[in-house]
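Heads up: the structure comes next, in structure tokens.
The values are calculated or read from the model by the stated rules, or taken from the named source; none is laboratory data. In this text the structure is predicted, and so the values were computed from the model without any measurement. Counting neighbours? That spans all protein chains shown, and the Cβs are built from the backbone with ideal geometry, glycine included.
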Amino acid sequence: MTAVKSWNGEEYSGLGYDFDPQWLLSPEQQILQAKLIDLCATVLRPNAIESDRGLIYPRQNFEALASLGLLGLFVPKEWGGLGENHVCAAMVVETIARYGCPSTAMCYTMHLGATAAALFRAHDNPELQQLLQRLDQDVLIGTLSYSDPETGSHFWYPVSSKADRCADGWMVSKKASWTTSAGFADWYIVQTTSPDFDGNYSDLSCFLIYGDEVKAEPHKWDALGLRGNQSGTLQVDGVTVPFERMVGPKGDGTASNDEIVDPFFLLCSSACWNGIAMGAIDIAKRHVTRKKHVDVGMRVADYPTIQDYFGEAIIDTNACRSFTFTMGKLMDDLTQQCDWSLHEDLTALPRSTYLPWYWQIKFAAAKNVAHVCDKMLHACGGSGFKKDMEIERYLRDGKAGWVMGPTNEVLRQFVGKLALLGFESLDYWNQTVNDRVLHNEVKKLDAEGKRKLAAMLLDQAAAEDEKGMVQPLSVV
Ligand SMILES: Cc1cc2nc3c(=O)[nH]c(=O)nc-3n(C[C@H](O)[C@H](O)[C@H](O)COP(=O)(O)OP(=O)(O)OC[C@H]3O[C@@H](n4cnc5c(N)ncnc54)[C@H](O)[C@@H]3O)c2cc1C
């Protein structure tokens, strides 16, 4: 373990390695982390300030990350990548968010999610293989475009999207309300309902779409935090793509969501929120250990109230970091250190078994970051309220954690409902009838009301029979 954390050739003014779980990293990963901290000091952090002020997309930061081979972090070594694992991904995202630029960390999170979705189904797809081999060399930034304007944070429910088979391939239509790096990414993994869609929204497929095939509106992006992240609208307007641009087989969307998109997004975004919390603690430490009150002859750090703020913030954040890294370690154990060849068997979905655990790490990290940044601002007093200290930016950036889908409201309900009522009750695609609610409402109707309802339902059933619509799957 490196004994002293350095920053532009001097000792780092925030927390040292003694408060970082370095034992989780291999010696190579620790070297990579130290190089990345150097890059943050010289390139990413200065750019973060400009990016936030001017809503500038952090492409320059991606060029810097590519110089360390980080765009191909998960890409196998034989394809020119670093061949790294899940723990390493969590460390890299956390490091970028903490020392460099949270907007870049979120764009990079989406890039890793897209890369993982491509690697998941690349073994028999030369188009995906070629793309994955060029990521660092050509600085090819990827992202995930899932959220639909009609279904909000229920990103697994793309009602405004579709794909049809045509003579030359697939005609893809996608409307997304939010897409990190929209208009700036070089490639997108988009999710639509499957070709031959029959009304069953759990039948989803994924496609690879290139930057020159999308319409974005970056000029409309303006937000409280993560201002460089440029998560704007995206449209793929009936674009025909060759057959090999379908990522995985038709109908692979649900497997891809549960095995890849959710686990990778939740792991890496949790690391991002943890990094922002640590970054705020670092900034605040620097301030409170330097600022003096001449009347009482004490530094701000000498007040027990301030020490308590730091103690609690460090303990809570390290609990979230340990939880996040534990899930990274589990993913490594489940996949022989992120060996993509195991997915040559299309039914191999080891990560997806632990979905409720990824929900929990995101909830905890996103809840913690808002609280910690708030307390660190309090610890810095009015000085923290000003832009030059950067803590207000970390506070604004951290606020994205709670509202990013799956939102913390949705996650805590998923976990509680799952624990109390079982998996079926989550009803992602609105297919499971809640018998208790149904009967309770019907109970309120008098005989005439029941007759009216019955007549209406019989008409609807006849119309649906005619259209051949899909019926709800089950009743609880
Ligand atoms: C910075 C940022 C970057 C993003 N990047 C991407 C990206 O790269 N790709 C992408 O696909 N999407 C992205 N998103 C979109 C994100 O995943 C959500 O889809 C989006 O934040 C939802 O916003 P909304 O206004 O539609 O919220 P809504 O879904 O309308 O939520 C409004 C409120 O209702 C609550 N709510 C919603 N559903 C339920 C429920 N079932 N039970 C209880 N409460 C509920 C929410 O928690 C919230 O409090 C990004 C969002 C942000 C903020």
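In the condition set (1) touching a Leu at 6+ places or on another chain (Cβ under 8 Å); (2) away from the ligand (no atom under 12 Å from the Cβ); (3) at pLDDT below 95; (4) of a type outside the set (A, V, I, L, M, F, W, C), residue 168 is compliant with all but (1). What number of residues within the range 331-370 are in contact (Cβ under 8 Å) with a residue 12 or more places away in the chain, hydrophobic (A, V, I, L, M, F, W, C) and surrounded by fewer than 20 Cβ atoms within 10 Å (Cβ to Cβ)? Selection size over the range 331-370: 6.
Among what's in the range 206-240 and is aromatic (Phe, Trp, Tyr) and within 15 Å of the ligand (Cβ to nearest atom), pick the residue that is nearest to residue 402 (Cα to Cα).
Checked the range 206-240; the qualifying residue nearest to residue 402 (Cα to Cα) is 221.
Within the range 287-300, the residues that satisfy the criterion of being farther than 22 Å from residue 369 by Cβ and in a helix (DSSP H, G or I) are 289, 290, 300. For the range 147-169, the tally of residues that are buried (at least 24 other Cβ atoms within 10 Å of the Cβ) and in contact with a helix residue (DSSP H, G or I) (Cβ under 7 Å, 6 or more places away or on another chain) stands at 0. In the range 442-452, the count of residues that are part of a loop (DSSP other than H, G, I, E, B), more than 16 Å from the ligand (Cβ to nearest atom) and in contact (Cβ under 8 Å) with a residue 24 or more places away in the chain is zero.
Per-residue answers, yes or no, for (1) out of contact with any Leu (no Cβ under 9 Å at 6 or more places or on another chain); (2) of a type in the set (Ser, Thr, Tyr):
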| residue | (1), (2) |
| --- | --- |
| 323 | yes, no |
| 332 | yes, no |
| 339 | yes, no |
| 345 | yes, no |
| 348 | no, no |
| 352 | yes, yes |
| 355 | no, no |
| 370 | no, no |
| 378 | yes, no |
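Among the conditions (1) aliphatic (A, V, I, L, M); (2) within 16 Å of the ligand (Cβ to nearest atom); (3) modelled with pLDDT of 95 or more, the only one that residue 159 does not satisfy is (3). Entry remark, the range 129-152: residues being β-branched (Val, Ile, Thr), at pLDDT 95 or above and within 16 Å of the ligand (Cβ to nearest atom) number 2 in total. Scanning for something aliphatic (A, V, I, L, M), within 12 Å of the ligand (Cβ to nearest atom) and more than 23 Å from residue 428 (Cα to Cα), does the range 184-198 turn up at least one residue? Yes, because at least one residue in the range 184-198 is aliphatic (A, V, I, L, M), within 12 Å of the ligand (Cβ to nearest atom) and more than 23 Å from residue 428 (Cα to Cα).
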